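Undergrad: Below are the C-alpha cells for one structure; questions will follow.
Bear in mind these aren't lab numbers, they're just calculated from the coordinates by the rules spelled out. The shown structure was predicted, so the numbers you read here are calculated from the model rather than taken from an experiment. Here the Cβ positions follow ideal geometry from the backbone for every residue, glycine too, while neighbour counts run over all protein chains shown.
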Amino acid sequence: MELDRVNELIETTAQNEVNQKLKNGWILLSVASGNTEEGYPVFRYALGWVHNESEQEYLKRRQILDEIGIF
C-alpha cells in the first residue's frame with residue numbers, strides 16, 4: 001500500500017470501531033500489540049481512508065449503487 005494515497009488516518013484500540021470502519025471502506029494499515037498501563041493486553045489498529053470523497057459521501061454513493069444493483 002502506498003501511504004501517499006491515504007487521505008485520513010485514525011488509530012484506535014476499539015475492535016467494534018475497526019470492524020465498522022472496514023465495512024465502511026477504510027483499509028487496515030497496521031496492527032500493534034502491547035499492554036495497557038495496568039498490564040492488560042491491547043491491540044492498536046491504524047486505519048486509512050483512501051477515497052477522494054468523505055466517508056459519508058462514499059457511503060451515500062455506495063447505498064445508491066447498491067439500491068440499483070451495481071454495488
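Undergrad: Return the residues of region 1-11 that are outside any strand (DSSP E or B) and free of Cβ contacts under 8 Å to residues at least 40 places away in the same chain; say none if nothing qualifies.
TA: Glu2, Asp4
Undergrad: When region 17-40 is examined, which residues are found to be more than 18 Å from Arg5 (Cβ to Cβ), free of Cβ contacts under 8 Å to residues at least 24 places away in the same chain and out of contact with any Pro (no Cβ under 8 Å at 6 or more places or on another chain)?
TA: Glu17, Asn19, Gln20, Lys23, Val31, Ala32, Thr36, Glu37, Glu38, Gly39, Tyr40
Undergrad: Counting just the residues of region 48-71 that are loosely packed, with under 10 Cβ neighbours inside 10 Å and β-branched (Val, Ile, Thr), which one comes out nearest to Leu3 (Cα to Cα)?
TA: Ile70
Undergrad: Right, here's the next one. Looking at the structure I just gave you, is Val6 under 17 Å from the mean Cα position of the chain (by Cα) and exposed (fewer than 12 other Cβ atoms within 10 Å of the Cβ)?
TA: no
Undergrad: What are the pairs with Cβ atoms under 6 angstrom where one residue, in region 41-61, is among the aromatic types (Phe, Trp, Tyr) and the other, located anywhere, is part of a loop (DSSP other than H, G, I, E, B)? Sequence gap at least six, or different chains.
TA: Listed pairs, sorted by first residue: Trp49/Asn7; Trp49/Trp26; Tyr58/Gly25; Tyr58/His51.
Undergrad: Here is a follow-up. Could you grab me the full set of residues in region 12-47 that are surrounded by 10 or more Cβ atoms within 10 Å (Cβ to Cβ) and part of a helix (DSSP H, G or I)?
TA: Gln15, Glu17, Val18, Asn19, Gln20, Lys21, Leu22
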